[in-house]
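Comments concern the structure below.
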Amino acid sequence: MLNHRTFGALCREWRGETTQTEAAGLLGILQSTLSKLEADQRRPTTRVIARMAEVYGLDDLDVAYAVRLACAEMAVAGDEEGDDADRS
């Protein structure tokens with residue numbers, strides 16, 4: 001598990017053979033939202049991560065790892081946005 005580079009890759013692994021539509025229904029989110037999460041085009045909310053823990057039977061270590069990946073990606077995105085703002 002500890003070799004994932006993005007939250008999206010981790011999310012795809014957790015979903016396994018379940019379709020995005022089926023998984024989204026179980027998670028209580030739109031299929032388009034799950035698609036964006038898996039493509040790293042959107043960051044998860046804490047509610048979504050908590051629901052994934054319930055649906056996929058994740059332990060505390062899995063949840064902490066997911067949060068760490070999501071937060072790290074948010075920090076990188078924030079740094080990139082700051083770089084763009086400095087160029088204005």
So which pairs qualify, if the first residue must be in region 13-32 and among the aliphatic types (A, V, I, L, M), the second must be surrounded by fewer than 14 Cβ atoms within 10 Å (Cβ to Cβ), the Cβ gap must be under 7 Å, and the two must be at least 6 apart or on different chains? A24/L30
Residues within region 4-28 that are surrounded by 14 or more Cβ atoms within 10 Å (Cβ to Cβ), over 12 Å from the mean Cα position of the chain (by Cα) and within 14 Å of A53 (Cα to Cα), tallied: 4
Considering only residues that are more than 11 Å from the chain's Cα centre (by Cα) and not in a helix (DSSP H, G or I), look in region 40-88 and name the one that is modelled with the lowest pLDDT. S88
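The values are calculated or read from the model by the stated rules, or taken from the named source; none is laboratory data. Bear in mind the structure is a predicted one, so any value in this text is a computation, not a measurement. A quick note on method: Cβ atoms are made from the backbone with ideal geometry, for glycine too, and the neighbour counts reach across all protein chains shown.
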